[in-house]
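S.K.: Please read through the structure below; I'll follow up with questions.
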Amino acid sequence: GISPWPAALIISSVYVVVLSQGDVVLSQALLWSALLGTLLAVAFTGFGMLMSILSNSNRTSIFISLIVYLLLLIPTQFPGTAQAGGTGQLIKKVNPIEATNQFLEKVLVNNRTPDEMASWLQAPILFAAIVLGLLFLYFAPRLRLEGGIRNLADRKSTRLNSSHSSVSRMPSSA
């Protein structure tokens, strides 16, 4: 399947351009959103692939991926005082989604420099590096990919050579 990320980026970019009304932060917002959004999209796609490789069923893979995603969204629901404390700041810094949000907010809204806020980029970059490293360096060499056509032919020949005879459910007089 094709990722919806490029379409979402294009649609949201048009929306942001219209809403910005020529604001000077527009080009910076589009650049950082495209870079960090693509980084997170690739990282979470890779994470989903890892879960698919490690689990026995699609249902389990989707369940685990959604639970992890929801766990990463929970810190955004903490009360303001919990988010501002030391533990809240630590949780925000290690959470790739929240760290990205904090970086974008501080650079685009609070006019901080990207260099000043670079520490917020550690979690999303590390998350992407770990996921992609595991996917390509550890799991990829161990995967055996087979085309589906051969398997389809094997299933057909198994069905045709089956010792079971086909019994019609309709009476012959019908």
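S.K.: Please go through the range 6-33 and give me each residue that is in contact with a Ser or Thr (Cβ under 7 Å, 6 or more places away or on another chain) and either in contact (Cβ under 8 Å) with a residue 24 or more places away in the chain or among the small types (Gly, Ala, Ser) (or both), ordered by number.
M.R.: Step one: of the range 6-33, the residues in contact with a Ser or Thr (Cβ under 7 Å, 6 or more places away or on another chain) are 26, 30.
Within the range 6-33, none qualify.
S.K.: Still on this structure: Inside the range 59-132, counting only helices (runs of 4 or more DSSP H) that do not spill past its ends, which hold 1 or more residues that are closer than 23 Å to Leu30 by Cα? Lay out the reasoning, then the answer.
M.R.: Numbers: elements: 80-84, 86-94, 96-104.
Of the helices (runs of 4 or more DSSP H) lying wholly inside the range 59-132, those with at least 1 residues that are closer than 23 Å to Leu30 by Cα span 86-94, 96-104.
S.K.: Looking only at the range 108-137, which residues are of a type in the set (A, V, I, L, M) and open to solvent by 30 Å² or more (accessible area, probe 1.4 Å)?
M.R.: Of the residues in the range 108-137, the ones of a type in the set (A, V, I, L, M) are 108-109, 117-118, 121, 123, 125-126, 128-132, 134-135, 137.
Scanning the range 108-137 gives Leu108, Val109, Ala118, Ile125, Leu126, Ala129, Ile130, Leu132, Leu134, Leu137.
S.K.: Within the range 58-107, track down each residue that is under 24 Å from the mean Cα position of the chain (by Cα) and either more than 23 Å from Ala128 (Cα to Cα) or of a type in the set (Lys, Arg) (or both).
M.R.: Quick first cut of the range 58-107, residues under 24 Å from the mean Cα position of the chain (by Cα) only: 58-78, 88-107.
Those that are under 24 Å from the mean Cα position of the chain (by Cα) and either more than 23 Å from Ala128 (Cα to Cα) or of a type in the set (Lys, Arg) (or both): Arg59, Gln77, Phe78, Lys92, Lys93, Lys106.
S.K.: Need pairs with beta-carbon distance below 8 Å; first residue in contact (Cβ under 8 Å) with a residue 12 or more places away in the chain and within the range 81-94, second among the aliphatic types (A, V, I, L, M) and in a helix (DSSP H, G or I); sequence gap 6+ or separate chains.
M.R.: Gly88/Ala82; Lys92/Ala99; Lys93/Ala99; Lys93/Ala123; Val94/Ala123
S.K.: Please determine, by comparing only the residues of the range 34-57 that are touching a residue at least 40 places away in the same chain (Cβ under 8 Å) and more than 12 Å from the chain's Cα centre (by Cα), which one is surrounded by the most Cβ atoms within 10 Å (Cβ to Cβ).
M.R.: So, considering only residues that are touching a residue at least 40 places away in the same chain (Cβ under 8 Å) and more than 12 Å from the chain's Cα centre (by Cα), the one surrounded by the most Cβ atoms within 10 Å (Cβ to Cβ) is Leu36.
S.K.: Then there's this: Considering Ser33, Ser3, which residue is among the hydroxyl-bearing types (Ser, Thr, Tyr), closer than 20 Å to Ala99 by Cβ and either at pLDDT 90 or above or not in a helix (DSSP H, G or I) (or both)? Give the steps one after another, and end with the answer.
M.R.: Values: Ser3 fails: closer than 20 Å to Ala99 by Cβ.
Of Ser33, Ser3, the one residue that is among the hydroxyl-bearing types (Ser, Thr, Tyr), closer than 20 Å to Ala99 by Cβ and either at pLDDT 90 or above or not in a helix (DSSP H, G or I) (or both) is Ser33.
The values are calculated or read from the model by the stated rules, or taken from the named source; none is laboratory data. As the structure is a computational prediction, the values presented were derived from the model and not from experiment. Cβ: placed from backbone, ideal geometry, glycine included. Neighbour counts: every protein chain shown. Just the protein is used for accessible areas: all its heavy atoms, side chains included, with ligands, DNA and RNA removed. Shrake-Rupley method; radii C 1.70, N 1.55, O 1.52, S 1.80 Å.
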